[in-house]
1. Report yes if Lys129 is surrounded by fewer than 17 Cβ atoms within 10 Å (Cβ to Cβ) and part of a loop (DSSP other than H, G, I, E, B), otherwise no.
2. Of the residues that sit in region 60-77 and are of a type in the set (A, V, I, L, M) and buried (at least 19 other Cβ atoms within 10 Å of the Cβ), which one is farthest from Phe132 (Cα to Cα)?
3. Arg76 versus (1) outside any loop (DSSP other than H, G, I, E, B); (2) touching an Asp or Glu at 6+ places or on another chain (Cβ under 9 Å): which is the lone unmet condition?
4. Of the numbered conditions (1) polar (S, T, N, Q); (2) under 10 Å from the mean Cα position of the chain (by Cα); (3) not in a strand (DSSP E or B), Thr134 satisfies every one except a single condition; which is it?
5. If the requirement is being over 24 Å from Ile25 (Cβ atoms) and either β-branched (Val, Ile, Thr) or surrounded by 13 or more Cβ atoms within 10 Å (Cβ to Cβ) (or both), which of these qualifies: Val109, Val80, Val121, Val57?
6. Search region 92-119 for residues that are in contact (Cβ under 8 Å) with a residue 60 or more places away in the chain and pair each with any residue that is exposed (fewer than 15 other Cβ atoms within 10 Å of the Cβ) and basic (Lys, Arg) when their beta-carbon atoms are under 6 Å apart and the residues are at least 6 apart or on different chains.
7. When you go through (1) surrounded by fewer than 19 Cβ atoms within 10 Å (Cβ to Cβ); (2) without any contact (Cβ under 8 Å) to a residue 60 or more places away in the chain one by one for His135, which number turns out not to apply?
8. Of all residues being assigned to a strand (DSSP E or B) and out of contact with any Phe, Trp or Tyr (no Cβ under 8 Å at 6 or more places or on another chain) in region 1-60, which is modelled with the lowest pLDDT? Just the residue, please.
Amino acid sequence: MRLQWKIWTVFLGLAVAGCDDTARIPDTYFLPEQAVIGAASSPQGMSGTFAMTVRSVAWAEGKLFLDSEEDYRDPRNLSVVISPAVADALTERFGDKPEHYLLHRQIAVSGTAEKVQIVFVVNGRETSKYYFQTHLRLATPNHISIMK
């Protein structure tokens, strides 16, 4: 398992080495791709500080989602999940709603990335089909910062 993690880390490092988005990210921060792999590898998830560019935002089920990919269903996506209370606190902090202020910004978020099963619902009923997403629940407003 450790060798597999090292191989993926090297692969991801090479894959993102030329990306402008990651050029200024400190080595102590994890990228969304590392969060996805780490969350899938451990039932407890992966804890740390994660850096990402917010490429899409959406309100769903009463929560705000900040996504590292334009398509939230992309397997490489890391979703930062924000409760309404924390979203309100971020509005006070930033002077604008977080879904507006944080879109297209590079952020750092501390917490635990977890693999979450998403069940498909058809006509209001759950089906037997599902897929997985990687979520990081923002516990408090001070666990997020703007990098650029």
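The values are calculated or read from the model by the stated rules, or taken from the named source; none is laboratory data. None of these values were measured; they are calculated from a predicted model. Here Cβ is always computed from backbone atoms with ideal geometry, including for glycine, and neighbour counts include all displayed protein chains.
1. Numbers: surrounded by fewer than 17 Cβ atoms within 10 Å (Cβ to Cβ): yes; part of a loop (DSSP other than H, G, I, E, B): no.
For Lys129, the condition - surrounded by fewer than 17 Cβ atoms within 10 Å (Cβ to Cβ) and part of a loop (DSSP other than H, G, I, E, B) - is not met.
2. Step one: list which residues in region 60-77 are of a type in the set (A, V, I, L, M), which gives 60, 64, 66.
Retained after the next criterion (residues that are buried (at least 19 other Cβ atoms within 10 Å of the Cβ)): 64, 66.
Values: Leu64: 18, Leu66: 16 Å.
The extreme case among them is Leu64.
3. For Arg76, the exception is condition (1).
4. (3)
5. Details: Val109 fails: over 24 Å from Ile25 (Cβ atoms); Val80 fails: over 24 Å from Ile25 (Cβ atoms); Val57 fails: over 24 Å from Ile25 (Cβ atoms).
Among Val109, Val80, Val121, Val57, only Val121 is over 24 Å from Ile25 (Cβ atoms) and either β-branched (Val, Ile, Thr) or surrounded by 13 or more Cβ atoms within 10 Å (Cβ to Cβ) (or both).
6. Gln106/Lys148
7. (1)
8. Taking region 1-60 as the starting set, the residues that turn out to be assigned to a strand (DSSP E or B) are 30, 46-53, 56-60.
Now narrow it down to the ones that are out of contact with any Phe, Trp or Tyr (no Cβ under 8 Å at 6 or more places or on another chain): 47, 52-53, 60.
Details: Ser47: 97, Met52: 98, Thr53: 97, Ala60: 94.
My answer is Ala60.
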